[in-house]
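Values quoted throughout were computed directly from the atomic coordinates according to the rules given, and no laboratory measurement underlies them. Keep in mind that this is a model prediction, so the values were computed, not measured. All Cβ positions, glycine included, derive from the backbone under ideal geometry; neighbour counts span all protein chains shown.
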């Protein structure tokens with residue numbers, strides 16, 4: 001299934017049905033009287049979240065979604081049927097924004113929300129009967145519904161985001177530590193969509209991890225896959241910054257680390273005025289030195305010391321392929337995730 005994480009659509013609630021103007025005409029009721037019923041209420045537009053879908057692909061083609069209008073009232077004081085609601089099923093973690101980017105609803109942890117109310121049905125002429133007006137010849141029109149142009153955006157809900165250059169081993173790591181099965185190959189941009197995995201540590205602790213693809217030097221200027229997937233780690237409290245230290249890529253591990261930090265800062269600058277945005281570059285990171293199975297011990301220690309000296313960070317040396325030291329890493333991650341949740 002194609003991964004779609006943002007759509008622009010128009011939603012509209014239903015108009016209320018008009019009330020009826022009607023009078024009794026039975027032979028046994030010579031004086032008759034008004035008997036016009038009320039119009040039905042217009043349908044609401046309701047957003048409902050589901051954990052069983054992970055894309056907005058269902059909203060890619062149709063651009064307008066409207067609830068039904070309420071039906072007119074009838075004679076014999078019969079009310080018109082209410083219009084059916086428009087139920088919009090979206091992935092958990094979706095955000096509804098106005099066209100200018102303002103967050104209207106964040107559906108994280110919310111099962112259902114009514115975004116637009118349908119118009120009220122109009123009163124029939126029976127409602128307007130009084131002691132001085134026994135035969136009212138007017139009824140209310142139905143209340144107009146509402147219409148809204150919105151941006152529907154999906155942000156994956158994950159506790160931990162894995163960042164790093166293509167082929168640093170992000171997909172291999174997430175397949176190692178969870179049941180997720182992303183595509184893995186030895187060429188850039190193997191992963192073209194974010195991947196989610198649930199990681200279980202011990203008997204009780206678990207957390208959700210997301211593999212974010214396509215982040216490279218110059219991404220904020222549109223290089224590679226650009227920063228189109230960075231918004232998916234805006235919710236995460238912790239980053240695993242994966243660096244390939246094997247030398248097989250021909251790149252400098254320290255420069256890779258620095259380049260990714262620069263891209264996070266640039267993303268922050270681009271989004272600093274965005275409603276509710278929390279900078280990515282200021283979030284806690286764990287440095288993970290991957291593919292250490294291809295290096296001797298003394299070389300691994302040398303690289304760790306270089307990172308410590310230049311950036312002041314300690315790194316976990318692992319091999320996602322063999323599983324070497326990954327359990328120690330997971331215990332540390334689980335501990336940090338648990339602490340962040342307790343502080344919320």
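Which order do peptides 41-51, 155-165 fall in by mean Cβ count within 10 Å, highest first?
Going from most to least packed, we get 155-165, 41-51.
Rounded, prolate or oblate: which one fits the range 284-344, using the alpha carbon gyration tensor with axes a ≥ b ≥ c (rounded when a/c is under 1.5, else prolate when a/b beats b/c, else oblate)?
Verdict is oblate for the range 284-344.
If packing is taken as the average count of other Cβ atoms within 10 Å, what order do 110-119, 9-18 fall into, highest mean first?
In descending order of packing, they fall as 9-18, 110-119.
Taking the Cα atoms only, what angle lies between the long axis of helix 326-343 and the longest principal axis of the chain, rounded to 10 degrees?
40
Explain nothing, just the number: relative contact order of the range 13-81, from Cα pairs under 8 Å at least 6 residues apart, as a whole percent. Could the numbers behind the result be given before it?
Numbers: 151 pairs, mean separation 32.8, N = 69.
Relative contact order, the range 13-81: 48 percent.
Going by average Cβ neighbours within 10 Å, how do the peptides 167-177, 126-136 rank, with the highest at the top?
Ranked by mean Cβ neighbours within 10 Å, highest first: 167-177, 126-136.
So what is the relative contact order of the range 1-154, in percent, for Cα pairs below 8 Å that sit 6 or more residues apart?
37
Pairs of Cα atoms under 8 Å, at least six residues apart: use those to get the relative contact order of the chain, whole percent.
It comes to 15 percent, rounded to a whole number.
Pull out a ≥ b ≥ c, the square roots of the eigenvalues of the alpha-carbon gyration tensor of the range 237-344, then state rounded if a/c is under 1.5, prolate if not and a/b is larger than b/c, and oblate in the remaining case. It would help to have the intermediate numbers written out before the result.
Working: a/c = 2.43, a/b = 1.43, b/c = 1.70.
Here the range 237-344 falls in the oblate category.
Sort 264, 56 so the one with the fewest other Cβ atoms within 10 Å of its own Cβ comes first.
Starting with the residue having the fewest Cβ neighbours, the order is 56, 264.
Taking Rh as the Kirkwood radius computed over C-alpha pairs, what is the Stokes-Einstein D of the range 1-101 at 25 °C in a medium of viscosity 0.890 mPa s, expressed in µm² per second? It would help to have the intermediate numbers written out before the result.
On the way: Rh = 16.3 Å.
Estimated diffusion coefficient is 151 µm²/s.
If you line up the long axis of helix 297-311 against the longest principal axis of the chain, both from Cα atoms, how many degrees apart are they, to the nearest 10?
Orientation of helix 297-311: about 60 degrees from the principal axis.
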